[in-house]
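Taking it in order: structure first as structure tokens, then the write-up.
The values are calculated or read from the model by the stated rules, or taken from the named source; none is laboratory data. Every value quoted in this text rests on a predicted model; they were computed, and no experiment measured them. Note that we place each Cβ from the backbone using ideal geometry, even for glycine, and neighbour counts take in every protein chain shown. Please note that ligands, DNA and RNA were not included when accessible areas were found on the heavy atoms of the full protein model with its side chains. Shrake-Rupley method; radii C 1.70, N 1.55, O 1.52, S 1.80 Å.
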Amino acid sequence: MTAKIIDGKAFAADVRARVAKHVARVKDESGITPGLAVVLVGEDPASQVYVRSKGTMTVETGMNSYEHKLNADTAEADLLALIDKLNGDPAVHGILVQLPLPGHLNEDLVINSIDPAKDVDGFHISNVGLLGTGQKSMVPCTPLGCLMMLRDHHGSLSGLDAVVIGRSNIVGKPMAQLLIKDSCTVTVAHSRTKDLPGTVRRADIVVAAVGRPQMVPGDWIKPGATVIDVGINRIEAPERGTKEDGSVKTRLVGDVDFDSCAAVAGAITPVPGGVGPMTIACLLANTLTACCRANGLEEPQGLTA
Ligand code: NAD
């Protein structure tokens, strides 16, 4: 079997177009422009790139983007004061604090100081609890993007066996909650799972969110299964030659070995171009959803769980 490649880039472009259309309607009917505030503490280069592209895409969909860049040594009290100000700002409907934060800042405290209604990352303890009890919440962007692609491919997920590899608060756990909500039978595997190959082999849906390059080989995959690869890992790629400084060039790979898995799976997401683009698209969708909920406006259809 050769798997269908799920094109996350095209899917994300479609989600952004749907967001933009609904944003235009919101502006037209209410005069309100949805706004997303992104807070970046420190100069981590990868975080700077993420924040820049989030800002660009926010504006491209017709929403307002507010960027707050703080020094790496910012005091916790100052960061909390900024979040408090954004919580009270009616022009801001979504607040995202870019993670990871510098070590002296308490991430849990910071995230839980965001108004849950503006918590577009879905990491606030209230949203985690709402999702876990099957109630309306803000849903973490990466698992939401995975869910959208799975629903699009399968239609109904009801009764399917799903294995999520990884139990992080950001991906693994909320992914499992979303799949349970869609009536899958869910197994969460992790670093202490005894028979990972045997566990994965039973799955109709495999979501890999581990952070270990190409760790899932094709012979772990049940023929015809759907494989969603969340991992983003940079590995050396000697076949691409060397950089000017003599070091070996690199490339991005996922947590699954794409070629061997694609030979067995029914459908698979590539890295790059799979889950990654969906994450930002879902952030925009969440910002729009938060704005609609805050103002009693009709929510966009099909853009949340
Ligand atoms: P994490 O480090 O917080 O969690 C990794 C999980 O993998 C842990 O629960 C751990 O138990 C499990 N694990 C580790 N080794 C294992 C093993 N040998 N066998 C089975 N399970 C094992 O990571 P995370 O934040 O959940 O991210 C996972 C990956 O997804 C990373 O590569 C990250 O870069 C990527 N990611 C991508 C996006 C995106 O937008 N595409 C978003 C978030 C994270």
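In this simple spin-label approximation, T193 and D84 carry label points 7 Å from Cα along the Cα→Cβ vector, and these lie 4.4 nm apart. Kirkwood-type hydrodynamic radius, region 244-305: 15.1 Å, calculated from all non-identical alpha-carbon pairs. Size of region 99-181 from its Cα atoms: along the principal axes, largest to smallest, the extents are 43, 24, 18 Å. Most simply put, region 141-278 has about 25% antiparallel DSSP beta bridges, counting only bridges with both residues inside it. Take the Kirkwood radius over Cα pairs of region 141-190, plug it into Stokes-Einstein at 4 °C and 1.567 mPa s, and you get 122 µm²/s for translational diffusion. You can think of it this way: the chain between D7 and D28 has 4.4 nm of extra reach, that is 0.36 nm per residue less the Cα-Cα gap. Across all C-alpha atoms in region 72-231, the radius of gyration and Dmax reach 17.8, 53 Å. Excluding ligands, DNA and RNA, the accessible surface per residue across the chain is 45 Å² with a 1.4 Å probe.
Can you count the Lys pairs in region 141-278 whose Cα atoms are under 28 Å apart, with each pair 8 or more apart or on different chains?
6
Computed over the Cα atoms of region 141-278, the ratio of the radius of gyration to the Kirkwood radius (Rg/Rh) comes to 1.00.
Can you tell me the mean projection area, over all orientations, of the convex hull of the chain's alpha carbons? Units nm², please.
16.7 nm²
The value for region 31-116 of Rg(Cα) / (2.2 N^0.38 Å) is 1.06. The long axis of helix 141-154 is offset from the longest Cα principal axis of the chain by roughly 50 degrees.
Surface composition of the chain: carbon plus sulfur atoms hold 51% of the accessible area, using a 1.4 angstrom probe and ignoring ligands, DNA and RNA.
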